[in-house]
Amino acid sequence: MGLPQVSLVDVASYLPGSTVGTEYFTQFARSDRMAKNEMLRAPRTRHHVARDETAVDMVERAVAPLVERHGQQAISNIDVLLTHTQLPDNPVLGPGSEVARRLGMTPGWVIDIHNGGCAAFLHMIGLARMILQTTAARTALIAASQNSAGPVFTQTEVRKLAQAAVPGDGCGVGLLVKNSEAPILDVQTRTYPEFAGDMMFCTDVTGSGTFDRDRKYWEPGPGQPCVSFTESRIAKVFTRGNRLVPELAHAVCERIGVKSRDIDVFVTNQPNRLFLRNWREAMGLPPEQHPDTFDSCGNLFAAGIPVTLDAENRAGRLRNGSIVLMAAFAHAGDFAGAAAVRWGAAR
């Protein structure tokens, strides 16, 4: 007998606070040749978490519509809880256990997924599906929180950098159930360890764009922490991203027996306009089949896919029975994933 089917039966999301316009950053911007790079062109608006708003707060607020649609018991009886947080509030553990406490859960599986980056939602779909197919567990909640835009990219020195205006904050969640209502057709993830060292977490000491790569993030000092790429690495990341997302997306299409042009909706992470255009063209799809939340939300990292899915679902643009293909790459290209779902989510 084959493995049981698992469905992505619903998605929901949360965007914190009011919108933050690009003018917030332009008042601090300094002359920087990196600002001319197409990879760093800013969105029109984005959202920032409040200083006292935690990743657990974001997940709780994102889950609220699921509670309304499915009932509190459906959420409190979740068997599997997987979370990914871009900036853990406690550096030695993720938010999973606190999310469970806040939502009244006692799941048998609580896993905080720190790798996966912008592809973490797909990574969690694959892991949750495997657990549900191979154990007695019947339901799973997956949650992806991007909460570094406000805390990290508005620091007094970091906000001067070209990349500071690109990220936004938000949270997206998905409800998985062991049934055939909205079946997950396939999930593919791949790791590329040769690219693992190309994204830097370092300290901007001078505010002039130079970085201290020697000081550990936990060591005291005058600078401010930031994730960054050198200009040469940005070019390499761009080349990898252009290749990896269509590569994984085509692999899933081949496994489920459809042509890419026959996909109904293609949802990707939302890093910048250039990637979105190139991915859409590589798949042979028109703009209306590749939703874009970049200009309103910025780069939401791991939350980009579920937030975009939820926006499309609430707008009524995802028809039940349609094939939704999701794909993303992470960090400097060390991880990528894709998944296809026969859509049937509530809204």
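The values are calculated or read from the model by the stated rules, or taken from the named source; none is laboratory data. Remember, predicted model here, so these are calculated numbers, not experimental data. With ideal geometry, Cβ positions are generated from the backbone for all residues, glycine too; neighbour counts draw on all protein chains shown. For the accessible areas, the whole protein counts, side chains as well, though only heavy atoms, and no ligand, DNA or RNA atoms are used. Shrake-Rupley method; radii C 1.70, N 1.55, O 1.52, S 1.80 Å.
The relative contact order of region 70-151, computed from alpha carbon pairs under 8 Å that lie at least 6 residues apart in sequence, is 42 percent.
Please report, to two decimal places, log10 I(q)/I(0) for the chain at q = 0.14 Å⁻¹ as given by the Debye formula with identical point scatterers on the Cα atoms and no solvent. For the chain, the Cα-only Debye profile gives -1.12.
Extension gain for the segment M200 to R44, taken as residue separation times 0.36 nm less the Cα-Cα distance, is 53.5 nm to one decimal. Estimated at 0.36 nm per residue, the fully extended path between S97 and R51 surpasses their Cα-Cα distance by 14.4 nm. Using just its DSSP H runs of length 4 or more, each adding -39500 (n - 2.57), the chain gives a mean residue ellipticity at 222 nm of -9000 deg cm²/dmol after division by all residues.
Give me the percent of accessible area attributable to carbon and sulfur for region 220-343, probe 1.4 angstrom. Ligands and nucleic acids excluded, carbon and sulfur reach 48 percent. Split the accessible area of region 7-180 by element, probe 1.4 Å, and carbon with sulfur accounts for 51%. Would you mind getting me the FRET efficiency between T26 and R273? Use the beta-carbon distance for r and R0 = 22 Å, nearest 0.05. E(calc), rounded to 0.05, equals 0.75.
Annotation: peptides 120-130, 258-268, ranked by per-residue average of other Cβ atoms within 10 Å with the highest first, follow the order 120-130, 258-268. Rank G150, A74, V20 by how far each Cα sits towards the positive end of the charge dipole of region 7-180 (+1 on Lys, Arg Cβ; -1 on Asp, Glu Cβ) and give me just the farthest. Of G150, A74, V20, it is V20.
Short-range pairs are left out: with C-alpha atoms under 8 Å and at least six residues apart, the relative contact order of region 7-180 is 36 percent.
Relative to the longest principal axis of the Cα atoms of the chain, helix 304-314 runs at roughly 50 degrees. Length available on full extension from Q73 to R243: 0.36 nm per residue minus the Cα-Cα distance, which gives 56.9 nm.
Can you tell me the 0 to 90 degree angle between the C-alpha axis of helix 231-256 and the longest principal axis of the chain, rounded to 10? So the helix axis and the longest Cα principal axis differ by about 10 degrees. In the context of the full set of protein chains, the chain has a per residue accessible area of 42 Å² (1.4 Å probe).
Using C-alpha pairs under 8 Å with a sequence gap of at least 6, the mean separation divided by the residue count of the chain gives a relative contact order of 26 percent. Between helix 55-70 and the chain there is an angle of about 30 degrees, using the helix long axis and the longest principal axis of the Cα atoms. The packing ranking of peptides 45-57, 323-335, highest mean first, is 323-335, 45-57, where packing means the average number of other beta carbon atoms within 10 angstrom of each residue.
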